[in-house]
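> Let me give you the structure first, and then I'll get to my questions.
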Amino acid sequence: MGQAEGMMQHINDHKGAMGMQSDEMKEHIEELAQKFQDIKEEIDKTSKDINDFKTQQLPLARIKKIMKSDEDVRMISSEAPILFALACRLFITDITHRAAFHARKN
């Protein structure tokens with residue numbers, strides 16, 4: 001199971017447990033689930049060629065530089081920064097949706 005699929009399963013698990021939560025929370029979870037689904041579909045549509053993944057929204061060279069800042073890291077595979085960029089994209093999406101939810105709530 002991929003990370004996006006795992007994230008979707010986690011969201012779907014929360015959807016089932018939301019019986020007592022507010023409509024606003026349900027709407028937020030559904031929006032977030034749709035956003036993650038869109039990202040997953042975008043990744044699935046991309047060809048499996050590693051070079052197609054090298055155009056990310058976050059700069060891969062900067063990610064690689066940050067990874068190399070750890071003195072224990074000697075070599076980094078070409079896939080690691082790409083996966084890290086995708087994970088960061090999911091994290092940024094999640095944290096943005098949570099911030100928007102709390103801003104609307106207050």
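The values are calculated or read from the model by the stated rules, or taken from the named source; none is laboratory data. From a predicted model like this one, the values you see are computed outputs, not experimental measurements. Here Cβ is always computed from backbone atoms with ideal geometry, including for glycine, and neighbour counts include all displayed protein chains.
> Please go through the range 73-100 and pick out each residue that is part of a helix (DSSP H, G or I) and either of a type in the set (Lys, Arg) or on the phi > 0 side of the Ramachandran plot (or both). Lay out the reasoning, then the answer.
Kept after step one, since they are part of a helix (DSSP H, G or I), are these residues of the range 73-100: 79-100.
The answer is 89, 98.
> Restrict the check to the range 14-21 and report whether at least one residue is surrounded by 11 or more Cβ atoms within 10 Å (Cβ to Cβ), among the polar types (S, T, N, Q), on the phi < 0 side of the Ramachandran plot and at pLDDT 75 or above.
Scanning the range 14-21, I find no residue that is surrounded by 11 or more Cβ atoms within 10 Å (Cβ to Cβ), among the polar types (S, T, N, Q), on the phi < 0 side of the Ramachandran plot and at pLDDT 75 or above, so the answer is no.
> Just to verify a result, which residue in the range 42-79, among those that are among the basic types (Lys, Arg) and modelled with pLDDT of 85 or more, is surrounded by the fewest Cβ atoms within 10 Å (Cβ to Cβ)? Steps first, please.
Let us first name the residues in the range 42-79 that are among the basic types (Lys, Arg), namely 45, 48, 54, 62, 64-65, 68, 74.
Subset that is modelled with pLDDT of 85 or more: 62, 64-65, 68, 74.
Numbers: 62: 11, 64: 16, 65: 11, 68: 12, 74: 7.
The qualifying residue surrounded by the fewest Cβ atoms within 10 Å (Cβ to Cβ) is 74.
> Surrounded by 12 or more Cβ atoms within 10 Å (Cβ to Cβ) and modelled with pLDDT of 80 or more: which single residue out of 95, 11, 82 fits that description? Don't jump to the end; show me each part of the working.
Numbers: 95 fails: surrounded by 12 or more Cβ atoms within 10 Å (Cβ to Cβ); 11 fails: modelled with pLDDT of 80 or more.
Within the list 95, 11, 82, the selection yields 82.
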